[in-house]
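The values are calculated or read from the model by the stated rules, or taken from the named source; none is laboratory data. Quantities reported herein were computed from a predicted structural model and do not represent experimental measurements. With ideal geometry, Cβ positions are generated from the backbone for all residues, glycine too; neighbour counts draw on all protein chains shown. To get the accessible areas, we keep the full protein, side chains included, count just its heavy atoms, and leave off ligands, DNA and RNA. Shrake-Rupley method; radii C 1.70, N 1.55, O 1.52, S 1.80 Å.
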Amino acid sequence: MPSKKALIRRPSPRLAEGLVTHIEREKVDADLAGEQWEAYAEALRTHDWETIEVDPADDCPDSVFVEDTVVMYRNVALIARSGAESRRDETEGVEEAVASLGCSVNWIWEPGTLDGGDVLKVGDTIYVGRGGRTNAAGVQQLRAAFEPLGARVVAVPVSKVLHLKSAITALPDGTILGRIPQLDAPSLFPRFLPVPEESGAHVVLLGGDKLLMAASAPKTAELLADLGHEPVLVDISEFEKLEGCVTCLSVRMRDLYA
């Protein structure tokens, strides 16, 4: 049986100081963000995911975006090294968490940089965004870590958004969701479904036909419901002000060995 474990991490008290690169800075309500984070974690648990809370990193404003710290493939954890130097301390605690689950732990080394938000897995195909946070050396090291295990790594240029998964995610059947204006090379994806809202490009596969989505994408939710999926909406407005989305608030671990 596939595993259903998800790493999560509480927002830092300094959340409002988080980095923004492609949008204008807005005021973040830290109290509301905390409530939204709790509701997000509860949505995972409601759909039979075991949440594993990584030790807080209160001095790291962006640490709630735990997906950026590690990439999982089967039982191998590749600890990231962000292209944003101020985010590199966020991996502390994550290494301990994945090791405690029995994962084989590997690292991205200098001069490589890689953020987990730049990595989208679709079956054994791993799309990796080459952009502001992930460099060519990071792509090469990810390829070296995962291709011997059976993965096929496809590098994707990213220049219009923060991370690859700011622009695309995938449905259970492997169809890529995204917004054409945010993509550098949509032709790289064999099956592509354009969505009407920016945040509609972001889904977390909860199991079966259930898709965790941001409440800010009602038109996309309606579209996906019409196609037979079951959207589960969560309000993450305070994290969206920091270029966050539903994927980056957790690390889903589906293929851990029993």
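Structural remarks
- The single residue among Val71, Val98, Val20, Val105 that is in a loop (DSSP other than H, G, I, E, B), closer than 23 Å to Arg133 by Cα and of a type in the set (A, V, I, L, M) turns out to be Val20.
Here is a yes/no grid of residues against (1) within 22 Å of Ser82 (Cα to Cα); (2) in a strand (DSSP E or B); (3) open to solvent by less than 20 Å² (accessible area, probe 1.4 Å):
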residue: Thr134; (1), (2), (3): yes, no, yes
residue: Ala145; (1), (2), (3): yes, no, no
residue: Ser159; (1), (2), (3): yes, no, no
residue: Thr169; (1), (2), (3): yes, yes, yes
residue: Pro181; (1), (2), (3): no, no, no
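- Candidates in the stretch 32-41 are the residues that are over 18 Å from the mean Cα position of the chain (by Cα) and farther than 25 Å from Asp89 by Cβ; of these, the one that is most open to solvent (accessible area, probe 1.4 Å) is Glu35.
- Total residues in the stretch 183-199, condition farther than 19 Å from Ser250 by Cβ and either surrounded by 19 or more Cβ atoms within 10 Å (Cβ to Cβ) or among the basic types (Lys, Arg) (or both): 5
- Complete set of residues in the stretch 44-73 that are under 29 Å from Thr125 (Cβ atoms), surrounded by fewer than 24 Cβ atoms within 10 Å (Cβ to Cβ) and either at pLDDT below 95 or of a type in the set (Asp, Glu) (or both): Asp48, Glu50
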